[in-house]
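K.L.:
Before I ask anything, here is the structure I am working with.
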Ligand SMILES: Nc1ncnc2c1ncn2[C@@H]1O[C@H](COP(=O)(O)OP(=O)(O)O)[C@@H](O)[C@H]1O
Ligand SMILES: [Mg+2]
């Protein structure tokens, strides 16, 4: 999987960039802060930039950087004069002063959208809008991909087996697209969806007057698929008499239209699929054994989604991009929500996941979805108890808006956020004093006290202290820097 994308904050004003860093760590984004002179290293080293937040003066160096990297989105914050960047398409917006959580999340979301829309990411939009790429890097999917490549350029019939919604049709289309028949048609027929008495005419066509309602001659799917691939979906639902007729076509490579006498030659590759267990159907006498062996020349089994949980984040990304391309709306899931979705059983497999995402886009279009926003049956993680990589994302969520609305960058306010390493704990209260209080100051004081205690307890080993505080190491480092906390020597 690709590495996590980072936000780069470029600001020569140290105090301001530290405050932005605090907000970003609250939001749970990965980030680096730096002065203007150091920004180039991130472009040459990581190449994995979600967005660059530009603050203060826009210098020629910065203007050059924006123009040189059109694939990287930039956001402005506290910039006095941005006229030099007026025509840059990759400057997506600006953040108000003071920073606010909701706006920042929204802008970050736009940056994700920007990345998704870059040409190299639009792999799913081909000349055939129905063609869907096959997503997945898990072991079972690599195996499927290998089989597809093996069989594509042969004439062998393929039988795709697997639960509903696991991508059997996606695989069939991939085989077709990779085969030398790719210039020919790909014709799908859902054998389960067509009434038994119409299936023969659907597959083989009919002559005018062949039956009541046959007012003109009509080609069937076999003729439509000439030179290409015929995809017989839900072959297990094909009635027995049709199974006999299909077997004959596969053996003799000819058929007749319903009501017609003329034999028509056919050059069609057959790919069949079913979610049913054909071998038991053979035992029960509902599926013909001889047809089974004709179709089962090359079997491919599609894994259920619960057997490849690691593909879920990639699939979510792909499905969101599809809806975005179709509907112009999107949604984002928190890491915790994705973890929760990975634990789901997914009886309906990728189709169920796709339906869920569509539903989330309708309900929470262009917003961020956490576990508590998921429908109850998809909540497999208790938001309160979960100890994820970024617990502050959850624990501090409620306090965040309060806290951030109090941020401003006046110098005289600075004093509030510089503390001695021995904090004043005696003033801690849990009842609102009658004359009110400065909540921001109070919370910051509490935070410093807890951090100090954790550090003391762990001999100033940051990693262990961070664990004790349920926060990431990098977050703790940022906070120590912000509050100027150092070991007294
Ligand atoms: N590996 C995959 N990568 C991307 N999309 C997939 C994948 N598997 C399934 N899908 C999507 O899930 C939905 C169901 O797939 P489909 O091929 O119709 O399943 P099946 O034929 O097994 O019932 C479709 O929207 C399809 O695009
Ligand atoms: Mg299907």
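K.L.:
Going by Cα centres, the range 236-257 and the range 292-347 are how many Å apart?
P.N.:
34
K.L.:
Each label point is 7 Å from the Cα along the Cα-to-Cβ direction; what then is the distance between the points at residue 86 and residue 372, in nm?
P.N.:
It works out to 4.5 nm between the two label points.
K.L.:
Angle, helix 439-457 long axis vs. longest principal axis of the chain, Cα atoms, 0 to 90°, nearest 10?
P.N.:
So the helix axis and the longest Cα principal axis differ by about 90 degrees.
K.L.:
Along Cα→Cβ, 7 Å out, is where each label goes; now give me the distance between the ones at residue 446 and residue 43 in nm to one decimal.
P.N.:
4.4
K.L.:
Still on this structure, please answer the following. Please give the length that would be gained between residue 57 and residue 182 if that part of the chain were fully extended, namely 0.36 nm times their separation in residues minus their C-alpha to C-alpha distance (nm, one decimal).
P.N.:
Working: separation 125, 0.36 × 125 = 45.00 nm, distance 5.47 nm.
Between residue 57 and residue 182, full extension yields an extra 39.5 nm.
K.L.:
Set the Förster radius R0 to 22 Å, insert the Cβ-Cβ distance between residue 345 and residue 143 as r into 1/(1 + (r/R0)^6), and round the FRET efficiency to 0.05.
P.N.:
Calculated value: 0.50.
K.L.:
Binning at 10 Å from 0, report for the range 160-203 what percent of all alpha-carbon pair distances ends up in each bin.
P.N.:
Using 10 Å bins, I get a P(r) of 24, 39, 35, 2 for the range 160-203.
K.L.:
Taking the Cα atoms only, what angle lies between the long axis of helix 473-483 and the longest principal axis of the chain, rounded to 10 degrees?
P.N.:
Rounded to the nearest ten degrees, it is 30.
K.L.:
Suppose we keep just the DSSP beta bridges with both residues in the chain; what percent of those would be antiparallel, to 5? Could the numbers behind the result be given before it?
P.N.:
Working: 5 of 42 bridges.
DSSP beta bridges in the chain are roughly 10 percent antiparallel.
K.L.:
Each label point is 7 Å from the Cα along the Cα-to-Cβ direction; what then is the distance between the points at residue 473 and residue 30, in nm?
P.N.:
Here the modelled spin labels are 1.4 nm apart.
K.L.:
Determine the gain in length on full extension of the stretch residue 432-residue 116; use 0.36 nm per residue of separation and subtract their C-alpha separation, reporting nm with one decimal.
P.N.:
Working: separation 316, 0.36 × 316 = 113.76 nm, distance 4.73 nm.
Working it through step by step, the gained length comes to 109.0 nm.
K.L.:
So between residue 380 and residue 293, what do we pick up on full extension, going 0.36 nm a residue minus the alpha carbon distance? Walk me through the numbers on the way to the answer.
P.N.:
Numbers: separation 87, 0.36 × 87 = 31.32 nm, distance 4.26 nm.
Between residue 380 and residue 293, full extension yields 27.1 nm more.
K.L.:
For the range 130-191, just say rounded, prolate or oblate: build the C-alpha gyration tensor, square-root its eigenvalues into a ≥ b ≥ c, call rounded for a/c under 1.5, and beyond that prolate if a/b exceeds b/c, oblate if not.
P.N.:
Working: a/c = 1.59, a/b = 1.22, b/c = 1.30.
Taking the square roots of the gyration eigenvalues as a ≥ b ≥ c, the range 130-191 is oblate.
K.L.:
For the range 140-173 and the range 41-120, what is the separation of their Cα centres, given in Å?
P.N.:
42
K.L.:
On to the next question. Once the Cα atoms of helix 14-27 and of the chain are each reduced to a long axis, what angle between those two axes, in degrees from 0 to 90 to the nearest 10, is obtained?
P.N.:
Approximately 40 degrees, to the nearest ten.
K.L.:
What's the FRET efficiency of residue 326 with residue 164 using the Cβ-Cβ distance as r and R₀ = 30 Å, to the nearest 0.05? Intermediate values should be presented prior to the final figure.
P.N.:
On the way: r = 22 Å, r/R0 = 0.74.
Taking R0 as 30 Å, the efficiency between residue 326 and residue 164 is 0.85.
K.L.:
Provide the percentage of antiparallel DSSP beta bridges, counting only those with both residues in the range 139-302; round to the nearest 5.
P.N.:
Details: 5 of 23 bridges.
Counting DSSP beta bridges with both partners in the range 139-302, the antiparallel share is about 20 percent.
K.L.:
Dividing the Cα convex hull volume of the chain by residue count, how many Å³ per residue is that?
P.N.:
Details: hull volume 102.2 nm³, N = 489.
It is 209 Å³ per residue.
Taken together, the values in this text are just the output of simple stated rules run on the coordinates, not laboratory data. All figures in this text were calculated on a predicted structure; none of them were measured in a lab. All Cβ positions, even for glycine, are placed from backbone atoms using ideal geometry, and neighbour counts span all protein chains on display.
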